[in-house]
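The values are calculated or read from the model by the stated rules, or taken from the named source; none is laboratory data. Keep in mind the model is a prediction, meaning the values are calculated, not measured. FYI the Cβ positions are ideal-geometry reconstructions off the backbone, even for glycines, and counts take in every protein chain you see.
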Amino acid sequence: MTFTYGSNLGPAQVARHLRGQVSAHELSTAANKHVTAGKLDLASGDVTNGYVALDLARAYDDGRTAGTDGSQIDTWEDTLLAETSVRYGGYGGIAFRHISDTYIALFSRFIPCGVWEAVYIIDGLLANPSEVTPDVVHADTQGQSLPVFGLATLLGIDLLPRIRNWKDLIFYRPDPQARYQHIDALFAEHTIDWRLIVAHWPDLMRTAISIREGALSSVTLLRRLGHDSRKNRLYRAFRELGRAVRTLVLLRYLSEPALRDSIAAMTNKVEAFHGFAAWLMFGGDLLGHNDPDHHEKIIKFNELVANCVIYHNALDITAAVNTLVADGHPVDPDDLATISPYLRENIRRFGEWILDTSPPEQTPTRLDVTLPKMDFRR
């Protein structure tokens, strides 16, 4: 069933290639009556937990960092969420995903084309059901929003987006008299209103706690705290806090080459996952349905299929590395970290498929290579 909808083939095509092992009615009934978006999130979280328990995941990174980005998905025109995407140049919606620095997907959802993607960054991290809890987030330019910077800081999240359009961004001074020997030309005469932040600090903390505890959706809040909310005192407080945080981020972006490299590497991983997930959706790139809930489930089915294939590839890489070590070939962990689990050559998408419900053979999960100790479950 996961393969049926994650590949966007549909129950009729999958049943046809399974040669009577299961009917199209059984596949569609199970998906429509017994599967929800929440259950798909939990299933994907279980796969993620199993994946990061592998030694190979520690060769990639420590799980503290995640990347976010969207990929345009075509839909029918007469749907509730579909619209033209100026950014992507298509018509439909956006598959917005959170990807771990270990290559595995943490959370995916289907959003309209016309929204500012930054408002969904925090929501996806909080909704992530796995035991991987990143506290550093890299995004593209759509991740730049002053209220999002402020809210992320209050939630203990280090938001470090890729920076573009520098000429439109302002470096705020902490004080009107503050002057800097070498970088003063970067700063405008705008200063941060610290009194406003102090006055509304209890409100800011109550809002952050409400979001952390699930009493308030970060998407709902950030949609209300848009550019048309300038008379809203809570918006102005988040904006001032965001100005302070973003100025620090801009300075770090300028002064830390390693940070720029990290952001580029993480955003490349997210783009690679988009391509990998699209390759697995070989039944077609059009979501042929009018129901937004169905669109959401297809995106999550696709994430689940991709995570399962990533886990399978990780097991294959583990077995291959252990064979090399057993034959006396040295394996450098740094070299191992360059092997992406987005392998495609070993995956046969077409042909006849066999439904095998027997327990799988025991596969090695431990690498015979010394790796640094990392704890994904903080």
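If you go through segment 321-336 and keep only what is of a type in the set (A, V, I, L, M, F, W, C) and either assigned to a loop (DSSP other than H, G, I, E, B) or loosely packed, with under 12 Cβ neighbours inside 10 Å (or both), you end up with Ala326, Val331.
For Leu151, indicate whether it is surrounded by fewer than 20 Cβ atoms within 10 Å (Cβ to Cβ), aliphatic (A, V, I, L, M) and in a helix (DSSP H, G or I). Please lay out each step first, then the result.
Values: surrounded by fewer than 20 Cβ atoms within 10 Å (Cβ to Cβ): no; aliphatic (A, V, I, L, M): yes; in a helix (DSSP H, G or I): yes.
So Leu151 fails the test.
Of all the numbered requirements in (1) farther than 19 Å from Asn49 by Cα; (2) surrounded by 10 or more Cβ atoms within 10 Å (Cβ to Cβ), Ser358 misses one, and that requirement is (2).
Being crowded, with 18+ Cβ neighbours inside 10 Å, assigned to a helix (DSSP H, G or I), over 17 Å from the mean Cα position of the chain (by Cα) and hydrophobic (A, V, I, L, M, F, W, C): is that true of Leu125 here? Taking the combined requirement at face value, the residue does not satisfy it.
Say whether the condition of being aromatic (Phe, Trp, Tyr) and within 30 Å of Ala43 (Cβ to Cβ) is met by at least one residue in segment 186-201. Don't jump to the end; show me each part of the working.
From segment 186-201, those aromatic (Phe, Trp, Tyr) are 187, 194, 201; that's our starting set.
Next, from what is left, pick out any that are within 30 Å of Ala43 (Cβ to Cβ): none.
No, segment 186-201 contains no residue that is aromatic (Phe, Trp, Tyr) and within 30 Å of Ala43 (Cβ to Cβ).
Of the residues examined, Glu77 is not one that is touching a residue at least 12 places away in the same chain (Cβ under 8 Å), under 25 Å from His289 (Cβ atoms) and touching a Cys at 6+ places or on another chain (Cβ under 7 Å). Scanning segment 200-213 for residues that are surrounded by fewer than 12 Cβ atoms within 10 Å (Cβ to Cβ) and touching a helix residue (DSSP H, G or I) at 6+ places or on another chain (Cβ under 8 Å) turns up just one, Met205.
Counting the residues of segment 6-45 that are within 14 Å of Arg349 (Cα to Cα) and in a helix (DSSP H, G or I) gives 4. In the set (1) closer than 30 Å to Arg344 by Cβ; (2) in contact (Cβ under 8 Å) with a residue 12 or more places away in the chain, Ala265 fails one condition alone, (2).
Name the one entry in Arg239, Arg260, Arg233, Arg246 that is at pLDDT 90 or above, over 23 Å from the mean Cα position of the chain (by Cα) and closer than 30 Å to Trp166 by Cα. Can you show your working first?
Values: Arg260 fails: over 23 Å from the mean Cα position of the chain (by Cα); Arg233 fails: at pLDDT 90 or above; Arg246 fails: over 23 Å from the mean Cα position of the chain (by Cα).
That would be Arg239, the only listed residue that is at pLDDT 90 or above, over 23 Å from the mean Cα position of the chain (by Cα) and closer than 30 Å to Trp166 by Cα.
Of the residues making up segment 338-357, at least one is at positive phi and of a type in the set (Gly, Ala, Ser).
Can we say Gly50 is outside any strand (DSSP E or B), exposed (fewer than 14 other Cβ atoms within 10 Å of the Cβ) and of a type in the set (Gly, Ala, Ser)? No.
Here the helices (runs of 4 or more DSSP H) wholly within segment 195-290 that include at least 1 residues being closer than 17 Å to Ala152 by Cβ and among the basic types (Lys, Arg) are 201-212, 218-224, 233-255. Note on segment 277-303: among residues that are among the hydrophobic types (A, V, I, L, M, F, W, C) and under 14 Å from the mean Cα position of the chain (by Cα), the one that is surrounded by the fewest Cβ atoms within 10 Å (Cβ to Cβ) is Ala277. When Ser340, Ser358 are screened for being in a loop (DSSP other than H, G, I, E, B) and either of a type in the set (A, V, I, L, M, F, W, C) or in contact (Cβ under 8 Å) with a residue 40 or more places away in the chain (or both), only Ser340 passes. Just one of (1) under 21 Å from the mean Cα position of the chain (by Cα); (2) within 21 Å of Thr102 (Cα to Cα); (3) not β-branched (Val, Ile, Thr) fails for Asp55. It is (1). Is at least one residue of segment 185-199 under 23 Å from Ser100 (Cβ atoms), of a type in the set (Asp, Glu) and surrounded by 14 or more Cβ atoms within 10 Å (Cβ to Cβ)? No. Could you tell me which residue of segment 275-322 is modelled with the highest pLDDT, considering only residues that are within 12 Å of Ser108 (Cα to Cα) and of a type in the set (Asp, Glu)? The extreme case among them is Glu303.
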